[in-house]
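Note sheet for the following structure.
The values are calculated or read from the model by the stated rules, or taken from the named source; none is laboratory data. On a predicted model such as this, the values are computed, not experimentally measured, just so you know. Note that we place each Cβ from the backbone using ideal geometry, even for glycine, and neighbour counts take in every protein chain shown. What goes into the accessible areas is simple: the full protein's heavy atoms, side chains included, and nothing from ligands, DNA or RNA. Shrake-Rupley method; radii C 1.70, N 1.55, O 1.52, S 1.80 Å.
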Amino acid sequence: MPAASLLTRLGFDGPRLAFTLRTAAAAALALAVAAALHIDNPQWAAMTVWVVAQPTRGQLLEKGAFRILGTFAGALVGVALILCCAGTPALLVAGLALWIGLCAGAGNLIGGFTGYGTILAGYSAAMVALVDFGHPDHIYGLALDRVLTICVGVATSFAVGWLFTPLSAESDLLGRVRRLTARVLRHLAAALDTADSARVFAEERAIMSEMAAIDDMLDPHGAGSARSRHTVRRVRTLMAALLNGLVFARGRIGTAPTARQRAEGLAALRDAADGLDAPAPDPMPLAHLPRYLSGDRDDPGIVSVVETLARAVQELQAPAAPARDGADALTPPFLLHRDVVGARAATLRATGAVLVVGAIWLATGWTYGPFMLMGAAIMTSLFSTFDNPALTMRFVLGGSAAGAAAALAARWLVLPHAADLTQVIVLTMPFIVVGAFVMAHRLTLLAGMDYNMSLLLLLQPAFPLHGTPVGMVQMVLAMLLGPLIALIAFRLAFPMDARRRRAMLVGMMVHELKAMARAPFGPAEAARWRARLYHRLLRLVRWGEKSGDRDFAAVDGGLAALALGTAIRVLHGRLAESGLPDSRRRAVAAALASVAVLSEQPERVAGALERAATRLAATGHDDPDVLRRAAAAVRANPGFFRDHKGAEAHHAAPAAA
């Protein structure tokens, strides 16, 4: 039987095992290099290799860079806190709590590898300040040791990983986006040409799911390369145009196409989709599409939708141009959703956990209390960005316990046979290799990283070996209390999971719609509102899938929110007209004012939009159709807006999101 088949039958993921074995080899090399340089804590170098290992070069480069920057910033703060507060432990705990909480909140708000580096700066201060708290005169050496080991780990990871790690698969991403664009064009043609709303809605949900999945992979794809970031921004511009097409298509379901649409327009849409799906796709498949639709005066909206889509596709396929003034020149800007509420919860949770655990340490005077505090700081800040931190903590606790058991076995059964530091390092390496298999097995992969982290943290390979069995058991207990305390914190203090994140995201969308209705805005502001709503809709679809709640209409409700946002822009535009008759002005103003009760009385909002549409029906514009579509969407999804009014109340600053 081939080795690959045997590994698969045993439960190992073959490609992942190859990746983890390479990482284990790099970790062992980093440990040896750090030991050869006589760095006091060489295990930190090996731990860094495991942490920064990534599937592509761009991600490896960016995470490694932020690992160094975050560690350096945290080390500086740790030194400053010790110098200022070494004689007053309570003040040190308060300073760490404030710094770690602020970094946890900022990291959640920023996201990505930049957010990781920010969170790392928080708990690195704790690692520098607490590892040898009883000897403040060692602080400079300890901070330098921490920074050097991280640099050794990152450099080793680069040296080994760069040989085996591929570049970002840009062609795969663009191919996926191209096929998605073709799918939306066919969907638009189908919506215009059929009254079978059930079939159209099913395809719409499938398209939205694919869009959300693509959006999930964009930030990692853009890591480590200005060109990749430029591509990601263009993809997001195209995704906004595709969402605009879906909103338009939903409003046209069941309407009979005009003669020109049936004769030329629908065929042109399908031909363009075929061109995108061809083995050798047309480089400009939509360049001439608006011409087939431009004579359709009965439905000018489709021309605008397709022109916007054609521009976005052409920009994506055009060569990358230098950005002006250090910024991407693409317009409109695609602003990303920022989880303000989650960031605030992360700040309060991490700050509170450090204060409580610090108070326990100060009250008991336990020798290993600093390690317990350090573990709580790391766990409550680093894992606050995870989808379901409380569930993750279970795997962390299990992996940490397994790693601790392996460390105890190595420390007292194997390493005592070493005659020098070289033999200590060599005898440690098999335990690192075992970690590769733990991370690649389907039953243990979620706990694998924590197995390796706790193993290396507790081994502390040195010669001669130091410590006692009782002391090491106490250290294991202190280390395991970290994830246990974090588990309690994630369950009791601002609990977070996919369903709660989804509810808060809906609340942010509703709050933003209310803010849009309260204040008039120009084209630039309108583009920003629309971009943020678009991205929040994609995140909402993703959180809806992760929550597993099939009764939650993320797509229907999210598209209703987008339709309402479009209606609000139309109403503001009409209200700004100087010659608008008083009766129409009052109806428009009343419709805007009604949005204030969207989360309590969505039906009232729908009624106000319908009355405004009736008042504006004689103007000859297509504005009444926009308002009627929004009214119908709100009326069809009242639960989407009403069920999340509690979450919406938490959002006080949507513009900063």
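The single condition among (1) open to solvent by less than 30 Å² (accessible area, probe 1.4 Å); (2) touching a residue at least 60 places away in the same chain (Cβ under 8 Å); (3) more than 16 Å from Phe641 (Cβ to Cβ); (4) in a helix (DSSP H, G or I) that Met496 does not meet is (4). All conditions in (1) modelled with pLDDT under 90; (2) hydrophobic (A, V, I, L, M, F, W, C); (3) open to solvent by 10 Å² or more (accessible area, probe 1.4 Å) hold for Leu616, with the sole exception of (3).
Of all residues in segment 357-372, count the ones that are over 12 Å from Leu484 (Cα atoms) and open to solvent by less than 40 Å² (accessible area, probe 1.4 Å). Walk me through it before giving the result.
At the first step, the residues of segment 357-372 found to be over 12 Å from Leu484 (Cα atoms) are 358-371.
Pick out the ones that are also open to solvent by less than 40 Å² (accessible area, probe 1.4 Å) and you get 358, 361, 369-370.
Matching residues across segment 357-372 total 4.
Would you confirm whether or not segment 245-260 contains a residue that is surrounded by 20 or more Cβ atoms within 10 Å (Cβ to Cβ), of a type outside the set (Lys, Arg), part of a helix (DSSP H, G or I) and modelled with pLDDT of 85 or more? Yes, the conditions are met somewhere in segment 245-260. With respect to the conditions (1) under 25 Å from the mean Cα position of the chain (by Cα); (2) farther than 16 Å from Ala278 by Cβ, Leu174 lacks only one, and its number is (2).
Within segment 525-577, if we keep just the residues that are at pLDDT 80 or above and not in a helix (DSSP H, G or I), the residue that is nearest to Val597 (Cα to Cα) turns out to be Ala576. Only residues that are modelled with pLDDT of 80 or more and charged (D, E, K, R): list them for segment 261-270, please. Once the filter is applied, which keeps residues that are modelled with pLDDT of 80 or more and charged (D, E, K, R), segment 261-270 yields only Arg270.
Please work out if Ser599 is of a type in the set (Gly, Ala, Ser), at pLDDT 85 or above, out of contact with any Cys (no Cβ under 8 Å at 6 or more places or on another chain) and not in a helix (DSSP H, G or I). Yes: the conditions hold for Ser599. Does segment 131-147 contain any residue that is surrounded by fewer than 18 Cβ atoms within 10 Å (Cβ to Cβ) and of a type in the set (Ser, Thr, Tyr)? Within segment 131-147 (the criterion being surrounded by fewer than 18 Cβ atoms within 10 Å (Cβ to Cβ) and of a type in the set (Ser, Thr, Tyr)), the answer is yes, since at least one residue qualifies. The sole residue among Ala517, Ala526, Ala440 that is open to solvent by less than 20 Å² (accessible area, probe 1.4 Å) and in contact with a strand residue (DSSP E or B) (Cβ under 9 Å, 6 or more places away or on another chain) is Ala440. Counting only helices (runs of 4 or more DSSP H) that sit completely within segment 1-71, those holding 1 or more residues that are in contact with a Ser or Thr (Cβ under 8 Å, 6 or more places away or on another chain) and more than 21 Å from Trp162 (Cβ to Cβ) correspond to 14-36, 43-52.
For Cys151, the conditions (1) surrounded by fewer than 22 Cβ atoms within 10 Å (Cβ to Cβ); (2) touching a helix residue (DSSP H, G or I) at 6+ places or on another chain (Cβ under 8 Å); (3) closer than 30 Å to Arg227 by Cβ; (4) at pLDDT below 90 are fulfilled apart from (4).
Checked against the criterion of being touching a helix residue (DSSP H, G or I) at 6+ places or on another chain (Cβ under 7 Å), farther than 23 Å from Ala34 by Cβ and open to solvent by 30 Å² or more (accessible area, probe 1.4 Å), the candidates Thr88, Thr118 yield just one match: Thr118. Scanning segment 432-475 for residues that are closer than 22 Å to Leu37 by Cα and part of a helix (DSSP H, G or I) yields Ile432, Met453, Leu455, Leu456, Leu457, Leu458, Leu459. Going through (1) open to solvent by 30 Å² or more (accessible area, probe 1.4 Å); (2) without any contact (Cβ under 8 Å) to a residue 60 or more places away in the chain one by one, Leu61 falls short only on (2). Out of all the residues in segment 172-185, is one or more under 30 Å from Ala90 (Cβ atoms) and β-branched (Val, Ile, Thr)? Checking segment 172-185: not a single residue is under 30 Å from Ala90 (Cβ atoms) and β-branched (Val, Ile, Thr).
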